[in-house]
1. Every residue in the stretch 84-102 that is within 15 Å of Thr60 (Cα to Cα) and within 23 Å of the chain's Cα centre (by Cα), please.
2. Listed residues Ala80, Ala84, Ala95, Ala107; which is within 30 Å of Arg175 (Cβ to Cβ), out of contact with any Leu (no Cβ under 7 Å at 6 or more places or on another chain) and among the aliphatic types (A, V, I, L, M)?
3. From the list Met202, Met182, Met197, exactly one residue is more than 22 Å from His299 (Cβ to Cβ), modelled with pLDDT of 90 or more, assigned by TED's automatic domain parsing to the domain that holds Ala312 and touching a Cys at 6+ places or on another chain (Cβ under 8 Å). Which is it?
4. Please go through (1) surrounded by 17 or more Cβ atoms within 10 Å (Cβ to Cβ); (2) at pLDDT 95 or above for Gly316 and return the number of the only condition it doesn't satisfy.
5. Just give me the residues in the stretch 117-147 being touching a helix residue (DSSP H, G or I) at 6+ places or on another chain (Cβ under 6 Å) and surrounded by 21 or more Cβ atoms within 10 Å (Cβ to Cβ), in sequence order.
6. Considering only residues that are touching a Phe, Trp or Tyr at 6+ places or on another chain (Cβ under 6 Å) and crowded, with 20+ Cβ neighbours inside 10 Å, which ones fall in the stretch 77-90?
7. Can you tell me how many residues within the stretch 245-289 are of a type outside the set (Phe, Trp, Tyr) and assigned to a helix (DSSP H, G or I)?
8. So which residues in the stretch 161-191 are assigned to a loop (DSSP other than H, G, I, E, B), in contact (Cβ under 8 Å) with a residue 24 or more places away in the chain and either surrounded by 15 or more Cβ atoms within 10 Å (Cβ to Cβ) or out of contact with any helix residue (DSSP H, G or I) (no Cβ under 8 Å at 6 or more places or on another chain) (or both)?
Amino acid sequence: MKRKIYLIIILLWTALFVQAQDMLTVMQYNLLNYGNHNSGFADCYETNNNTQHKDECIRTILDYVKPDILTVCEFGATQALQNAFINHNLNINGANYWQSDNIINYAGSNIINHIFFDSRKLGLSKHIALRTNPRDTDVYELYLKTASLAAGDTIKLICIVAHPKAGQGYESQRRALMQTAMDYIHQHYANDNVLIMGDFNMYGASESGYRLLTQTYSHPEVLFIDPLASLGGVGEWTNNSQFAAYHTQSTRSYSDECFSGGGLDDRFDFILMNDWIKFSYNHLRYVNNSFHAVGNDGHHFNMSANQGYNAAVPVGVAEALFDASDHLPVTMKIAVDVHLGVEDNEAQNLYATVAPNPASDKATVHFFNPLQGQVQFDLYSLQGQLMQRESAELGEGSQQFELSLQGLTKGFYLLRMTHESGLRQAVKVVVK
């Protein structure tokens, strides 16, 4: 009897643990010279950017968002500050599971990027700092703590935090930083779940650094998808009311020596995902329409975030956003499925490849058909739009199918193959 009770307890505990893994909330936040009063480019002091008051605001915001992963920019570059941040804002009210990593600061900057994560759900296996200008770009290799971990089934999530130089005239420098990040991803994480996030200081989708991230052909297997691309959030967003629902800076309509002013009229803060997360090649999938700028209700263009009524957040959160930083945080949700597999990762039984890839007018799909039957070929854009559908009755064994790509614009597509028996596979296709 005792053994049965013990088994039931174990099963219940496992069920609760698994449920906790079903969703990850990711949050990126520029903390505006947090704990740093010697930045060299902004007159932020304890009098106008008080750390204790910022902590009060940050606790309010974190309690509202409840992230599992928090990445930040403009964090003071001391280990003591990192420890204080965890103790004052995260491991509070009985929580003791938030962790971070030692600071790496090759650039010697007064402000750095940083990460904090819920160690019940995630572990950190690696932290690499890329030598970029004016600050390092940080690469964090996280892994999910799943029941299958002991069997060697490691599910990675790579978070790359970047903060290129602000201002008009530094577009080429921002692009160079992104190129360094893309090259590193190509070399080490081309087949992993990757997010790149931070305060990118980019003024529109035509900027070369943004185009490199989202339209690059230098590394066809490396591409980032803007979660707002399908919602009208991509374009020339600076001081453009058409993008009022997506702006992240500034939280204040007026400026002082520390906080930027002008109200919400720039989209500087990003979390971009690669196609592995968009289409869930490895157990992680972006939850559609979950990305948003916390505190932006679309009705505060060129206004302070707490001006009048803010329909996006409670009054206390709007006040905290106003006081904590001149940026709004951005968040997104990622669904986790470590039990049955996910739609695009399920049953990789067709062993399909596409050649050439990239291709122009046509490409050949090579695959193994386990039994004779009809195979359907659906080609989707990265926004999920069905571009074309073909099907063929094919025999058993090694097969080829010629895929027409005529009339398609340059870019990345997803080919979903479905056998009438239910077997399926997803393959990335690049049109050049």
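The values are calculated or read from the model by the stated rules, or taken from the named source; none is laboratory data. Computed from a prediction, not measured in an experiment: that's the story for all the values here. Using ideal geometry, Cβ is built from the backbone for each residue, glycine included, and neighbour counts are taken over all protein chains shown.
1. Phe85, Ile86, Asn89, Leu90
2. Of Ala80, Ala84, Ala95, Ala107, the one residue that is within 30 Å of Arg175 (Cβ to Cβ), out of contact with any Leu (no Cβ under 7 Å at 6 or more places or on another chain) and among the aliphatic types (A, V, I, L, M) is Ala107.
3. Every option except Met197 fails the conditions.
4. Tallying (1) surrounded by 17 or more Cβ atoms within 10 Å (Cβ to Cβ); (2) at pLDDT 95 or above, Gly316 fails exactly one: (1).
5. The answer is Thr132, Thr137.
6. Once the filter is applied, which keeps residues that are touching a Phe, Trp or Tyr at 6+ places or on another chain (Cβ under 6 Å) and crowded, with 20+ Cβ neighbours inside 10 Å, the stretch 77-90 yields only Leu90.
7. Final tally of qualifying residues: 4.
8. Across the stretch 161-191, the qualifying residues are His163, Pro164, Lys165, Ala166, Gly167, Gln168, Tyr170, Tyr189, Ala190.
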